[in-house]
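My structure is below; once you've seen it, I'll send some questions.
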Amino acid sequence: MNQSSQYTSQVPGSSRILQEIEKNAVPLKDNRDLEKLIKNIADKKIVMLGESSHGTEEFYKWRRLLSQELIQHHGFSFIAVEGDWPPSAELNRFVQGGTRTKAPEDALKSFQRWPTWMWANTEIVRLAHWLKDYNKKEKQKVGFFGLDVYSLFESIDEIIKQLNSIDPDLAHHIQTQYACFDPYQRDERTYARSLIQFPEGCEKQVLKALTDLLNVRLDKMTRHSEKYFDARQNARIVKNAEKYYRAMIQGEEDSWNVRDRHMIETLDILLNRHGENSKAIVWAHNTHIGDYRATPMLQEGQVNIGGLAREQWGAEEVALVGFGTYQGEVIASHAWDGPIEVMKVPPGREQSYEAYFHEASKHLREDSFYICLNNSEILSETYGHRAIGVVYDPEHERFGNYVPSSLSKRYDAFVFIDKTTALTPLKQDFKRDEIPETWPRGT
């Protein structure tokens, strides 16, 4: 039986896709096998590493190993993640030696917003240990930063804390602006609902606070540059978080777009701060890093950081690496703020990219492999591609968890692990946040 007839008997009409996958597959057993992928992405200014779920051990492991190689051998400057800025700053201080915290587990306790397991997990502990050891030997220390927009009240706290230590008068002035939020008792949901009756909200106040921080005299900035930088970034978060919750209620702008535009703005700020030749590694869900123009997001008026990065810096400066699995286990919950569960990930839907990669995996007799897509015409055909959020219902996933995707237009490379295991969270207390993340179900 020839290759084509064997493929056709397994998945009707799929022989071209399966042959293309097999021809380009690179087996993945240890970090030495990453050589071809590294060669394809190491010269980029930005490398984005995805995941098809927020709770898969192997996705975190391979992103960690890829990041370590890119940092150690190819001059990447920092890691920026789909996480909040304030707790990420605490971990950044740990890995750069700027805190008395002795263990990464203690630094990760600052991740208190549900779902805490996204960053408070054993793989991030391993990454933090590695970064700290690496930074001890290097003059140019590698950082860890959060890109996300959710930390409205936590960012206000950080602004006042930083300014009180360097400029108490400015701290008092900024606190007066943010007093607009006091009636809502640190509840984003209450604030968002208030916009229905009082649409002006705190929009003017958050803009004024940011403007005042941006206008701080240069001599003050020079003396306390790190603290002013942190205060300014948190003020941007407050402004954009207010805009995000406003968009959720008023619908004038897609809240998803507010979030991803904030993340790309933050990435740009970090690159500029680290210098002209700086290079960034980004960790985020496939729905954020895979080019939106290769999915229905384009027709729906949505954008994401992968597509925006290609547009802003040029596709030749950006590498987008997707990750996927056919079946296994995942950490997720059945409801927002619900208990963490290890859930079964059912076999991928027929005629999805997961199903095609699974068939190729069986034929190759390789559980894990990757392909460099190289704008493959065959893999540009549109099929479903699984996306699992922090809220997940395995029994109904085939109806709502597949994003029609042109794989080779969405990513530059794709890492496939046929059967995956659940991420191992650290035991954490978490802050309940009743405003869920955006489509699809907490990604």
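Just so you know, all these numbers are worked out from the coordinates, no wet-lab data involved. Keep in mind the model is a prediction, meaning the values are calculated, not measured. With ideal geometry, Cβ positions are generated from the backbone for all residues, glycine too; neighbour counts draw on all protein chains shown.
Determine the relative contact order of region 152-255: mean sequence separation of Cα pairs under 8 Å and six or more apart, normalised by residue count, in whole percent.
39
Can I ask one more? Where the centre of each part is set by its Cα atoms, how far does region 124-165 sit from region 227-247, in angstrom?
About 16 Å separates the Cα centre of region 124-165 from the one of region 227-247.
S380 versus Q175, label points 7 Å from Cα toward the beta carbon: distance in nm?
5.8
Taking the dipole about the Cα centre of the chain, with the C-beta of Lys and Arg at +1 and of Asp and Glu at -1, give me whichever of F357, N304, V216 is farthest to the positive side.
Ranked along the dipole, the leading option is V216.
Trypsin sites (Lys or Arg not before Pro) within region 80-174: which are DSSP loop residues with at most 10 other Cβ atoms inside 10 Å?
Answer by residue number: R100, K102, K137, K139.
Would you mind counting up the charge near T421? Only other residues with Cβ under 9 Å from its Cβ, with Lys and Arg at +1 and Asp and Glu at -1.
Net of charged neighbours comes to -2.
Cα-based count: Lys pairs in region 100-253 below 15 Å, eight or more positions apart or different chains?
For region 100-253, the number of qualifying lysine pairs is 8.
While we're looking at this one, here's another question. Show that you can apply the helix-only estimate: for the chain, add -39,500 (n - 2.57) for every DSSP H stretch of four or more residues, divide by all residues, and state [θ] at 222 nm to the nearest 500.
When only DSSP H runs of four or more count, the value is -14000 deg cm²/dmol.
Based on the Kirkwood radius over alpha-carbon pairs, what value in µm²/s does the Stokes-Einstein equation return for the translational diffusion coefficient of the chain at 4 °C and 1.567 mPa s?
57
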